[in-house]
Amino acid sequence: MIDYLVTGEFSQIQSRVYIILAMWVVMVMAVCMDLWAGVDSARTRGEKINSGGFRRTIGKLGDYWRIQVMALIFDVIGSCIPWYEYPYASMIVTAAIVLIEGRSVWENERAKKGNVAKLPAAIRDIINCTTAKSAEELLKKIKELDDGQKAT
């Protein structure tokens, strides 16, 4: 880095800055994908969507931003070492964040396809049981579903 300051050649520094900015954009995209998956999963399960998830997402972005700044500081220190060509710390931290958010997206997809998503329809069926015969039919359906799950 000292050579860059003496010679005035900042092209190496520019490429590092672009890589770091790209890592930050990737981080924001991963967090937004998680928010999108969470909202989609909540809609599928029939849950009420409020601003709580958005507030948690903003808080998560702030937490990740602080971690990224620490990686940036490490990269600045590393740029004084001749073999430290790229912002490795920023790339590693971004990869870890993408893995964390990817797992969260995967969990949201599993929840969306699970039996919990069918719960509001089951509750509606229970409420609609107005006669003993309709209640018996519903119990029969539940028993069939339970037997089907035990067989698998």
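The values are calculated or read from the model by the stated rules, or taken from the named source; none is laboratory data. Everything quoted here is computed from the prediction, not taken from an experiment. Because the Cβ atoms are built from the backbone with ideal geometry, glycine has one as well, and the counts that use them run over all protein chains shown. All accessible areas refer to the heavy atoms of the entire protein, side chains included, with ligands and DNA or RNA removed. Shrake-Rupley method; radii C 1.70, N 1.55, O 1.52, S 1.80 Å.
Being part of a helix (DSSP H, G or I), among the charged types (D, E, K, R) and at pLDDT 95 or above is a property that holds for R66. Looking at V76, is it part of a helix (DSSP H, G or I), open to solvent by less than 50 Å² (accessible area, probe 1.4 Å), aliphatic (A, V, I, L, M) and at pLDDT below 95? In short, no. Of the residues making up the stretch 60-79, just one is under 16 Å from R16 (Cα atoms) and among the acidic types (D, E), namely D75. Against the list (1) open to solvent by 100 Å² or more (accessible area, probe 1.4 Å); (2) over 20 Å from V26 (Cβ atoms); (3) in a helix (DSSP H, G or I), the condition W36 fails is (2).
Residues of the stretch 79-95 that are part of a helix (DSSP H, G or I) and either free of Cβ contacts under 8 Å to residues at least 12 places away in the same chain or open to solvent by 80 Å² or more (accessible area, probe 1.4 Å) (or both): Y88, I92, A95.
In this structure, G53 does satisfy being at pLDDT below 95, in contact with a Leu (Cβ under 8 Å, 6 or more places away or on another chain) and not in a loop (DSSP other than H, G, I, E, B). Of the residues making up the stretch 96-105, those that are open to solvent by 80 Å² or more (accessible area, probe 1.4 Å) and within 8 Å of the chain's Cα centre (by Cα) are I100, R103.
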